[in-house]
Amino acid sequence: MRIIAIAVLCFFSPIMLPFVAAAVAAAPQVPRADQAVRYERIRDIFQSKEVAKERGDALLMLLDGGRVFEKPKPSPSGVTICVAGPHCWIGVVLADGSVFRIGLAYNGDLVYLPDSLHAVNETVSFKLARWVSEYAADLRREVLSAPRPCSYPVGIVEGTDTLSGIARLFYGDARKWPKIYEANKAVIKNPNMLSPGMVLTIPNP
């Protein structure tokens, strides 16, 4: 069996998800903005799960109820497509309390739904990539506005998988990384090796 690997940048979900191209479903119904009560991150990434209502509404308007999904294209028999997980998951909370999950690739070209994977055209992909960038900027602002000292999981903001990257984010100076290291010696065994999701205490500057 031939295997085609499609490389998709995966930040929050490093799990590889196998999909058989021929089995990708027809475009499902995606909730519309007027059906959404609120939006939330699927996981507690930082101090809040909430996603701004206007940000979530913008995403659903871009997806247009699923009408922007391209029709599945048949693939050669016996070919399995392996796709990396999405860059981020968003939960759409509906009036009945149920949550509709939507995942997005970093470059906006793939949309992950609970039971299916969908491609979009280049125009929509560009707009979704911009949405992902704005979503990441929202998270960055939330992180930077948190009172200090605060707890910070390594890697939730892009470029913060090293102590110098975290120091650059919080202090504007990568050279201040020893301050973070000193406050977290009980957790950090090697200052040159941080594990994704490791929770560090960020002291005052």
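Where a number appears in this text, it was derived from the coordinates with a stated rule and is not lab data. Being a predicted model, the structure only gives us computed values, none of them experimental. Every residue, glycine as well, gets a Cβ built from its backbone with ideal geometry; the counts of neighbours run over all protein chains shown.
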Give me the distance between the Cα centres of segment 54-69 and segment 147-184, rounded to whole Å. 34 Å
Starting from the Cα of K53, draw a straight line to each of the aspartates and glutamates and keep only those under 13 Å, dropping any in the same chain fewer than 8 residues away. D34, E40, D138
Collect residues whose amide H, placed 1.01 Å from N in the peptide plane, falls under 5 Å from the amide H of C150; neighbours closer than 5 in sequence don't count. I202
Qualifying lysines (Cα of each under 18 Å from Cα of K185; at least 8 residues distant if same chain): K176
How far apart, in nm, are the 7 Å Cα→Cβ label points at K189 and D138? 3.7 nm
Report the FRET efficiency, 1/(1 + (r/R0)^6), for D64 and V199, where r is their Cβ-Cβ distance and R0 is 25 Å, rounded to 0.05. 0.05
Can you give the charge dipole size of segment 148-202 about its Cα centre, rounded to the nearest 20 debye, using +1 on the beta carbon of Lys and Arg and -1 on the beta carbon of Asp and Glu? 200 debye
List residues of segment 181-203, by number, whose backbone nitrogen lies under 18 Å from a label position 7 Å along Cα→C-beta of D173. 181-183, 202-203
Burial-style ranking of 110-120, 60-70, 195-205, average other-beta-carbon count within 10 Å with highest first, yields 110-120, 60-70, 195-205
